[in-house]
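To start, the structure under review is shown below, and the notes come after it.
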Amino acid sequence: MSSYDDRLLELLGKLKLFGIRDRLDSLLDEASRSDLDMRQTLTLLLEREIARKDARRIEMALKLAHFPMVRD
């Protein structure tokens with residue numbers, strides 16, 4: 001891994017973009033396979049991060065609610 005890769009992962013962590021940080025290679029591979037330009041790639045990365053954070057927020061809210069069961 002290059003120093004640029006290390007720095008990128010460090011910056012993503014500082015910005016609390018853990019979903020992007022943890023899946024960066026697979027997300028960039030997906031963007032490459034889809035032949036996305038830089039703006040489209042950035043949009044993909046941010047959409048995935050927002051979706052991950054939304055899912056975690058819902059999961060935490062359900063845990064805090066102490067419902068007897070969760071229906072799908």
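Note on Lys14/Arg39: beta-carbon distance plugged into 1/(1 + (r/R0)^6) with R0 of 25 Å gives a FRET efficiency of 0.65. Can you compute the label reach from Leu46? Point 7 Å from Cα along the Cβ direction, backbone N cut-off under 16 Å, restricted to the stretch 10-24. Zone members listed by number: 12, 15-21. With each label modelled as a point 7 angstrom along the Cα→C-beta vector, the Leu64-Arg23 pair spans 2.4 nm.
Charge dipole (Cα centre; +1 on Lys/Arg Cβ, -1 on Asp/Glu Cβ; no other charges) of the chain amounts to roughly 460 debye. For the chain, the solvent-accessible area works out to 88 Å² per residue, with a probe of 1.4 Å and every protein chain left in place. Helix-only arithmetic for the chain: the sum of -39500 (n - 2.57) across DSSP H runs with n ≥ 4, divided by the residue total, places the mean residue ellipticity at 222 nm at -26500 deg cm²/dmol.
For the chain, carbon and sulfur atoms together expose 57% of the accessible surface, with a 1.4 angstrom probe and every protein chain in place. Within the set (i) 15.2; (ii) 12.3; (iii) 14.0, the number that Kirkwood radius over Cα pairs in Å takes when calculated for this structure is listed as (iii).
In this structure, Arg56 and Asp5 have a Cβ-Cβ separation that, at R0 = 25 Å, corresponds to a calculated FRET efficiency of about 0.50.
The values are calculated or read from the model by the stated rules, or taken from the named source; none is laboratory data. The structure presented is a predicted model; accordingly, all values stated were derived computationally and were not measured. Virtual Cβ from ideal backbone geometry, glycine too; neighbours counted across all protein chains shown. Note: accessible area is taken over every heavy atom of the protein model, side chains too, but ligands, DNA and RNA are not part of it. Shrake-Rupley method; radii C 1.70, N 1.55, O 1.52, S 1.80 Å.
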